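First the structure, in the form of structure tokens, and then the observations on it.
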Amino acid sequence: MAERIIEYREALNEALLEEMERDLAVFIMGEDVGQYGGVLKISKGIYERFGEKRAVDTPISENGFTAIGVGAALAGLRPVVELMYIDFACLAMDPIVNQAAKARYMFGGKTSVPIVFRTQGGGGRGNAAQHSQSLEAWYVHVPGLIVIQPSTPRDAKGLLKSAIRDDNPVIFIEHKLLYNTKGAVPEGEWTIPIGKADVKRVGNHITVVATSRMVLLALSAAEKLAEEGIEVEVVDPRTLKPLDIETIATSVKKTHRLLVVNEGARTGGFAAEVVTRAYEEVFDYLDAPIVRLTSEDVPLPYSGALEMAAIPSEEKIIQAVRGFFS
Amino acid sequence: MIAHDDTQIEMYRKMLLIRVFEEQARDFFMKNVMRGSTHMYIGQEAIAVGVCAALEQNDYITSTHRGHGHLLAKGGNPDLMMAELLGKANGYCKGKGGSMHIADLSIGNLGANGIVGGGIGLATGAAFACYYRDDGRVAVSFFGDGAINQGVFYECANMAALWKLPVIYVCERNRFAEFSYTDRYFADSDLTKRAIPFGFPAVAIDGNDVLKVYETAAEAVKRARIGQGPTLIVANTYRIMGHTIGDPLNYRIKGEVETWQTEERDPILRFEKHLIQQEIASIEQLQQIKADVHQRIEHAAQFALNSPEPPPSALWEDIYA
Ligand SMILES: Cc1ncc(C[n+]2csc(CCOP(=O)(O)OP(=O)(O)O)c2C)c(N)n1
């Protein structure tokens, strides 16, 4: 299949365009997603191509329009609702958590809720405590929600298409510092299965499980560590729930060491879940205790120096990996 | 209630202080001295200043992402604000909040807010505290015409009316929410009607007329203080700058902004004309105020630039759980 180098942003845009072309039931909805083409430009060109009925600009009413999305999904449509920042999704927790996540099971399988909640999280851009959170663990904690965090343009396209086709609610979490990153992405029809991890770099000495932007930091850290003779295997779960523990376990059985890197706050975070699952699966294979590297348990501060101190970095990953071998 | 001459001159000074503060903040942002994002209050100065002139220092306000003007109008210290914009240790929030989160509890400012509509509930809550203590204080919520579509407004308006809370909802109708004209999002464009179901008064006024804003706010404050409950003020104005700095403004009607920057419409220019025509101030006096304000902001800028970065240990200050 023909591939070209495009931005993460463009890959998402392409997935939306293709899925809307393919299925009339798919529509997008959110603040400034239509005429303006999306605050983050993900829905560029969609309004022009599909019109205002399928590119719905909403008032600033997150609770309301998210619930409208869930209701429309129950009634047979396939909405892609954009919550501009994951922080604002806090205003829409009822429709996501109490309604969308519950309906299929609670109604005894009589229905499903085919909806995608597209949102964006993460720090590093000086947006302070209410625009920088990494709240993926909240959604992972709720039975009935699929949680996806793509780290590359390729994964962004392939997984967004799968998310839209899936009959169940998906929280699709992008990262604000990934939109401008570039990578090879197949043209046209092609998907990546939900629930499948990806080995982003092969190595024999240690497994680093990283999510979202942390994958990029882990990969650049791995290049530097290779110069010291440490070969890192980087595993990107891509889908946080359901988690592909098999791919992680296979890797750790080979490397015997595991570092988990996640941008969410430490306590009760996604890293804790991966650590626990790994202990359940591969305890006997480990040469050292598992280590997790996360953001500190603080609301993200505005000051650049403090913010950098609060979130994982390439340097912190290098230090953590070296810790296994010293 | 007509503002005294001295009050009017003070209002002028405050409006100018906001304008010049914003110009400096914009300059810092363009020069990359400042990070994150910032939202300019330019063109809306009469609203914050007119409303806050009708308040006592211990009355409460809640502010928004576009909040520098609200705090300056309430008596905020430009040095501490500017230092906060630069993320410095001696800024209002010790560098942890930045432009969108400046607060000064000592003068009743319960904070700017990164969440659209986030302040509406908080102001109603502060009004509940005033009612509870029966202390005669009031709370004002400043919010945009985009924010009035948040459900929290209707829930709180109902409770405020139910309990006759001393709260004033000030909707700054600047025509835009991010990259859209807000008119696209109102089922009925008369926003005063949004108070009708709750039975409290609502008025739409020229928000660029600082004296009109002051009179209207003073009336609402009077009602609130004597237990007559909430008021909604819809203050019509115009967002002169983009949503944030760097906004391409390609969605805005060409030539529109200029019609708001005239002597008849710009809140500062027109008030200047009024002060001179009514002989409340002389041209020389206004020149002096301008010079003082520029000097004040220059001082704030230098203060901010010379301030220290927060120490690494600050990361863990105020963490309790
Ligand atoms: C809950 C929430 N939703 C969306 C946003 C993104 N956002 C920031 S400002 C803004 C527009 C606000 O418009 P308005 O209330 O009219 O205030 P203005 O910017 O015009 O002062 C939006 C949508 C946000 N910060 N919080």
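The values are calculated or read from the model by the stated rules, or taken from the named source; none is laboratory data. Worth saying up front: this structure is predicted, and the values here are computed from it rather than measured. All Cβ positions, glycine included, derive from the backbone under ideal geometry; neighbour counts span all protein chains shown. Please note that ligands, DNA and RNA were not included when accessible areas were found on the heavy atoms of the full protein model with its side chains. Shrake-Rupley method; radii C 1.70, N 1.55, O 1.52, S 1.80 Å.
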Positions from the range B:179-224 whose accessible area shrinks by 10 Å² or more when the full protein complex is built, not the chain alone, probe 1.4 Å:
B:F179, B:S180, B:R184, B:Y185
Dividing the mean separation of Cα pairs under 8 Å (6+ apart) by the residue count of chain A yields a relative contact order in percent of 16
Evaluate the charge dipole of the protein assembly as shown about its Cα centre and quote only its size in Debye, nearest 20, assuming +1 on the Cβ of each Lys and Arg and -1 on the Cβ of each Asp and Glu.
820
Taking +1 at the Cβ of each Lys and Arg and -1 at the Cβ of each Asp and Glu, which of A:M214, B:P308, B:P248 sits farthest along the dipole of the protein assembly as shown towards its positive end, judged by Cα position relative to the Cα centre?
A:M214
Report the per residue volume, in Å³, of the convex hull enclosing the C-alpha atoms of the protein assembly as shown.
166
Average accessible surface area per residue within chain A, 1.4 Å rolling probe, Å²
37
Simple SL model, points at 7 angstrom along Cα→Cβ for B:N90 and B:K273; separation in nm is 4.3
Tell me which of B:L191, B:C130, B:V203 sits at the most positive position along the dipole axis of the range B:99-252, charges placed on C-beta atoms (Lys, Arg +1; Asp, Glu -1).
B:C130
Cα shape, the range A:198-323, gyration tensor, a/c 1.5 rule
oblate
At least 30 Å² accessible surface lost relative to isolated chain, residues of the range B:285-318 (1.4 Å probe):
B:P310, B:L315, B:W316
Where both partners of a DSSP beta bridge lie in the protein assembly as shown, what percent of those bridges are antiparallel, to the nearest 5?
20
So if I place +1 on the C-beta of Lys and Arg and -1 on the C-beta of Asp and Glu, and nothing else carries charge, what would the dipole magnitude of the range A:3-186 be about its Cα centre? I want it in debye, nearest 20.
260
Could you check how much of the accessible area of chain A is carbon and sulfur, as a whole percent, using a 1.4 Å probe?
54
For the range A:233-256 and the range A:103-171, compute the distance between their C-alpha centroids and round to whole Å.
19
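Which whole-number percentage describes the relative contact order of the range A:71-148, with Cα contacts under 8 Å and a sequence gap of 6 or more?
37
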Using Cα centres only, tell me the gap between the range B:47-86 and the range A:305-321 in whole Å.
36
Ballpark to the nearest 100 Å², how much total accessible area do A and B bury together, probe 1.4 Å?
2700
Mind running the shape call on the range B:162-277? Use the C-alpha gyration tensor, a ≥ b ≥ c as the square roots of the eigenvalues: rounded below 1.5 for a/c, prolate if a/b tops b/c, oblate otherwise.
oblate
Computed over the range B:131-268, protein heavy atoms only, probe 1.4 angstrom, the accessible area per residue in square angstrom equals 41
Mind checking A:303-312 for the average number of partner chain beta-carbons within 10 Å of each residue's beta-carbon?
6
Net charge near B:A3: determine it from the other residues with C-beta under 10 Å of the C-beta of B:A3, scoring Lys and Arg +1 and Asp and Glu -1.
-4
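Using a/c under 1.5 as the rounded threshold, could you call chain B rounded, prolate or oblate? The axes a ≥ b ≥ c are square roots of the C-alpha gyration tensor eigenvalues, and prolate needs a/b larger than b/c, oblate otherwise.
Rounded is the answer for chain B, as its axis ratio a/c remains below 1.5.
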Determine the distance separating the Cα centre of the range B:157-200 from the Cα centre of the range A:1-80; give it in Å without decimals.
29
Applied in sequence order to the range B:61-70, the curve 6.51 cos²θ - 1.76 cosθ + 1.60 (Karplus, θ = phi - 60°) yields integer Hz couplings, x standing for Gly and Pro, of 9, 10, 10, 10, 4, 9, x, 4, x, 4
The range B:5-306: relative contact order in percent, alpha carbon pairs under 8 Å with at least 6 residues between
23
